[in-house]
1. Antiparallel as a % of all DSSP beta bridges within the chain, to the nearest 5?
2. Near LYS159, which aspartates and glutamates are there with a Cα under 18 Å away, not counting those fewer than 8 places off in the same chain?
3. Bin by bin, in steps of 10 Å, what percent of the Cα pairs in the chain do you find, going until the bin that has the longest distance?
4. Roughly how far apart, in whole Å, are the Cα centres of segment 103-133 and segment 20-71?
5. Mind giving me the nanometre distance, one decimal, between the label points for THR68 and ALA152, set 7 Å out from Cα along Cα→Cβ?
6. Obtain the nm distance between the two label points defined at SER127 and PHE105 by a simple spin-label model: each point lies 7 Å from its Cα along the Cα-to-C-beta direction.
7. When only C-alpha pairs under 8 Å and at least 6 residues apart count, what is the relative contact order of segment 2-165, in percent?
8. Exactly which trypsin sites (Lys or Arg not before Pro) in segment 1-89 are in a DSSP loop and have at most 16 other Cβ atoms within 10 Å?
Amino acid sequence: MAENVAQGYVAAGGKRMWGPYGTGGLVVQSWTDTNSNPWKMFDAQAAKNGKPDMVWVQVCIFQNPGATAAEVAKMIANARQHAAPGAQILITGQPIYPDNPTSCFLAGANGPQLTVNLAKQAAADQSLNVTYPGEFKLMKGEVQDGCHANTAGQLSLGKQAIAFWG
């Protein structure tokens, strides 16, 4: 889902966030090991573009195993380790589907809302020092497979990201 946001962000003219770099299918557990391949990909982007002073963390899940608050906290800690010192961390859930709330079969019927709840819970924990800017939303006409954005959905997500962090 983060890949869809990144694709749309670039298409909508966003300048602050990196473009897509192959993070499709990487759920929370992919990011809990600071030495994992996803963090190596992140570090390669940081080497090319400079360590970011703002990092967006998206809570994205598969229905099984889902995710826990502890896993989200570990993902946040790892983001701090790989970003510039003092970087601002933004956290969101994966998109929700207001006009078709149970459509994302990969996350499960309640999965998208669970990710939003985990993101809000992390933002409410002052010890984690993260900001929750809002919910990403995808409507029926913006989804290609029940979960992922089509081209129109990517653009919609990109515009939402620009509204959240510029």
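Computed from the coordinates by the stated procedures, all read-outs in this text should not be read as laboratory data. These numbers come from a predicted model, not from an experiment. Counting neighbours? That spans all protein chains shown, and the Cβs are built from the backbone with ideal geometry, glycine included.
1. Around 10 percent antiparallel, to the nearest 5.
2. GLU3, GLU135, GLU142
3. Reading the bins upward from 0: 11, 42, 39, 8, 0.
4. What the calculation gives is 15 Å, centre to centre.
5. 4.1
6. A separation of 4.0 nm, rounded to one decimal place.
7. Relative contact order for segment 2-165 comes out at 28 percent.
8. On the way: sites: LYS15, ARG16, LYS40, LYS48, LYS74, ARG80; in loops: LYS15, ARG16.
For trypsin sites (Lys or Arg not before Pro) across segment 1-89 that sit outside H, G, I, E and B with at most 16 neighbouring Cβ atoms in 10 Å, the list reads LYS15, ARG16.
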